[in-house]
Amino acid sequence: MHDTALLQALKLKGRAPVEALASALGRGEGDVQAAVDALVADGLAEETKMGFRLTERGREALEELLAAERAGVDRGALAQLYEEFCAVNDEFKALVTSWQMKSETELNDHTDAAYDRKVLDGLDDLHGRFRPTAERAAALVPRLSTYVSRFDDAIARVRAGEVEYVARPLIDSYHTVWFELHEELIQAAGLNRADEGAY
């Protein structure tokens, strides 16, 4: 049986070094390196200058694994969970936009401490309200349990002043983790991005 969580992490990240995969999976780098090496040996992944990525065979194998996973999930509960996520998704996107832009034409240069604090307080509040949804996702699909700790870690870093963990790409920022969980829920619900736009 192939490693669904690792294959999915590779798909979501596109290309990723072992360190990033280990962080996303909550596993040791040595363990992940061995697992990636096994995928490469099986022709399911390949190494690039920017890290590892899935091959076409790897994508096909992942789709089969995800289909089997979906078959074992309560579809009604999953649909309700997805609605819960969507209910706060627009709020989260607005927070990220506010973090990046002070208005439609003015970038946020982060020199206005009061403005930034208001946005960060909003993210902190959203995290408290959203965390139970992430926990329910983990209860429905145990493979998603790492998302709870990833959100907790990102918000803890933001609270500690590491504000790059609000939305910086290529690290486990709150936005990165949010985007990946969104993709997970779309797939778990048997939707695609086109369906999701009309959901």
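The residue list 83, 91 contains one member that is modelled with pLDDT under 95 and either surrounded by fewer than 16 Cβ atoms within 10 Å (Cβ to Cβ) or within 17 Å of residue 176 (Cα to Cα) (or both), which is 83.
Looking at 41, 45 in this structure, which one is out of contact with any helix residue (DSSP H, G or I) (no Cβ under 9 Å at 6 or more places or on another chain) and modelled with pLDDT of 95 or more? Step by step, each of 41, 45 is checked, and only 41 is out of contact with any helix residue (DSSP H, G or I) (no Cβ under 9 Å at 6 or more places or on another chain) and modelled with pLDDT of 95 or more.
For the stretch 159-189, a tally of residues being over 18 Å from residue 127 (Cβ atoms), of a type in the set (A, V, I, L, M, F, W, C) and part of a helix (DSSP H, G or I) returns 2. From the list 65, 39, 25, the one residue that fits, being without any contact (Cβ under 8 Å) to a residue 60 or more places away in the chain and surrounded by 14 or more Cβ atoms within 10 Å (Cβ to Cβ), is 39.
Filter the stretch 94-116 down to the residues that are loosely packed, with under 15 Cβ neighbours inside 10 Å and either outside the structural domain of residue 129 (by TED's automatic domain parsing) or touching a residue at least 40 places away in the same chain (Cβ under 8 Å) (or both) and list them by number. Within the stretch 94-116, 100, 110 qualify. If you check residue 119 against the conditions, is it surrounded by fewer than 17 Cβ atoms within 10 Å (Cβ to Cβ), in a helix (DSSP H, G or I), of a type outside the set (Asp, Glu) and modelled with pLDDT of 95 or more? Criteria not met by residue 119. Among the conditions (1) under 26 Å from residue 168 (Cα atoms); (2) outside the structural domain of residue 153 (by TED's automatic domain parsing); (3) exposed (fewer than 12 other Cβ atoms within 10 Å of the Cβ), the only one that residue 52 does not satisfy is (3).
The values are calculated or read from the model by the stated rules, or taken from the named source; none is laboratory data. Bear in mind that the values here come from a model prediction, so they are computed numbers and not experimental data. Counting neighbours? That spans all protein chains shown, and the Cβs are built from the backbone with ideal geometry, glycine included.
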